1. Hey, what's segment 280-331 come to in accessible area per residue, 1.4 Å probe, Å²?
2. Just from the alpha-carbon atoms, what are the Rg and Dmax of segment 203-298 in angstroms?
3. May I ask you to derive the FRET efficiency for I325 and K403 from their Cβ-Cβ distance with R0 = 35 Å, giving the value to the nearest 0.05?
4. Where does segment 102-198 land on Rg/Rh, using Cα atoms and the Kirkwood Rh?
5. For the chain, set up a Gaussian network in which alpha carbons nearer than 10 Å are linked by springs, and say which option among T20, T30, T142 fluctuates the most.
6. P(r) of segment 249-296 in 10 Å steps, Cα pairs, percent per bin?
7. Let me make sure I get this right: for segment 212-252, a, b and c are the square roots of the gyration tensor eigenvalues over alpha carbons, sorted descending. Under 1.5 in a/c it's rounded, otherwise prolate if a/b > b/c, else oblate. Which is it?
8. Excluding residues on the same chain fewer than 8 positions from K340, give the lysines whose Cα lies under 20 Å from its Cα.
Amino acid sequence: MEDKDVQNIIKKEEERQKGTLNMIPSENHTSSAVREVLSSVLGDKYAEGYPQKRYYGGNKYIDELEELCRERAKNLFGVPYVNVQGYSGSPANHAVYFALLEPGDKVMGMSLLSGGHLTHGWKVNFSGKYYESVFYGVDKDTELIDYEEVRKTALKEKPKMIICGATSYPRLIDFKRFREIADEVGAYLCADISHIAGLVVSGVHPDPTPYAHVVTTTTHKTLRGPRGAIIMVTHSGVEKDKNMGEKIDKAVFPGLQGGPHENSIAAIAVCLREATDPSFIDYGKQVVSNCRVFAEEIKKSGFRVVSGGTDNHLLLVDLQGREGIDAQSALEDAGIMVNKNTIPFDENPPFNPSGIRLGTPALTSRGMKEGEMKEIAFLVSQTLMQHDLAPQTYKRVEEICEKFPII
Ligand code: DSN
């Protein structure tokens with residue numbers, strides 16, 4: 001029986017997505033193949049455990065599916081071991097802590113205020129409550145990670161695990177340098193590449209797998225798959241601890257999760273295959289090129305961009321003490337979705353920060369290129385300077401959206 005209430009809400013959301021420009025850098029538009037698999041009968045099956053070691057009957061095809069997904073992930077990222085059951089990025093990171101550390105152990109991550117993630121040790125999160133966290137940030141002048149500072153903090157604090165990776169850092173991450181620092185203090189190195197996984201596989205961001213012992217990623221950001229996560233143990237990880245893979249599996253189930261969402265695992269398998277298509281390399285290159293052009297245009301309109309630009313899929317605009325929350329809502333009125341965000345050394349609190357974060361993955365997935373970025377940057381800057389122009393801008397946004405439909 002059709003549920004009209006729910007269907008109506010979905011229809012409205014579909015229209016919203018079609019008729020607006022999504023510049024939230026952690027979001028994307030998945031293929032119809034990914035969405036179809038997500039809503040399949042696979043979601044009806046319980047499969048606690050792992051292939052050939054399940055706690056329920058009837059898992060013959062589920063085993064085949066999960067093995068297929070694991071093989072695709074291993075091949076795409078070039079790692080010997082993966083777990084594809086994580087419900088999303090935070091549970092995946094939690095599983096790494098649970099597998100490799102004891103409560104109270106010291107972890108060093110990038111501060112949330114400099115672009116790190118909640119699960120990299122922030123005090124309100126499990127990672128800051130049950131583990132001792134110390135942070136590195138960015139240099140006040142360059143707004144780049146200062147690797148010498150990271151090294152000094154690591155030597156002083158001797159963390160058991162260092163996490164690199166970020167949610168709002170617009171520059172490349174030097175995984176090799178992080179590994180050298182981790183080796184100096186005997187720490188595990190975990191790279192959380194949730195934001196940049198799609199850029200890594202398309203070759204436009206350095207690859208963490210030769211350096212990190214363990215790599216986590218969500219599957220729904222630049223990788224353009226369903227909500228989910230992959231935890232990888234690299235060759236270095238296996239060298240450091242040959243049981244690391246088994247420890248990760250045990251941490252995910254039965255440690256933290258119950259039945260895996262096999263419909264999501266199937267959709268991850270689909271997106272991993274899509275990521276092997278040569279067109280995915282073009283997409284990755286275009287995401288970065290679009291972002292660079294967008295950043296340059298915004299700068300030309302007089303806005304300061306954190307660190308002076310971008311090397312990846314996102315940028316942070318400094319609104320000079322004005323509230324990001326107002327800018328986010330003015331842009332929403334203009335049909336352009338962004339999120340308010342702290343900038344490094346922000347004097348305002350995270351709920352009311354001084355910046356906005358914008359990204360190009362979703363626009364690139366719709367087929368937009370440099371020309372569109374120039375125009376959209378103009379529309380964004382115009383709206384930021386004069387909020388009451390939002391309704392007028394919305395009309396142009398709708399025309400652009402019509403020209404670049406979501407697949
Ligand atoms: N919430 C995600 C982001 O938007 O970057 C990170 O988990």
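1. Working: 1830 Å² over 52 residues.
Solvent-accessible surface per residue comes out at 35 Å².
2. According to the Cα coordinates of segment 203-298, Rg and Dmax are 16.4, 50 Å.
3. Details: r = 30 Å, r/R0 = 0.87.
Step by step, r from the Cβ atoms, then E = 0.70.
4. Values: Rg = 12.3 Å, Rh = 13.2 Å.
Using Cα coordinates only, the ratio equals 0.93.
5. T142
6. P(r) for segment 249-296, in whole percents per bin: 21, 26, 24, 22, 6.
7. Numbers: a/c = 4.70, a/b = 1.93, b/c = 2.43.
Oblate, since a/c reaches 1.5 and b/c is not below a/b.
8. Partners within reach: K221, K299.
The values are calculated or read from the model by the stated rules, or taken from the named source; none is laboratory data. All values derive from a computational prediction rather than experimental measurement. FYI the Cβ positions are ideal-geometry reconstructions off the backbone, even for glycines, and counts take in every protein chain you see. Heavy atoms of the whole protein, side chains included, go into the accessibility calculation; ligands, DNA and RNA do not. Shrake-Rupley method; radii C 1.70, N 1.55, O 1.52, S 1.80 Å.
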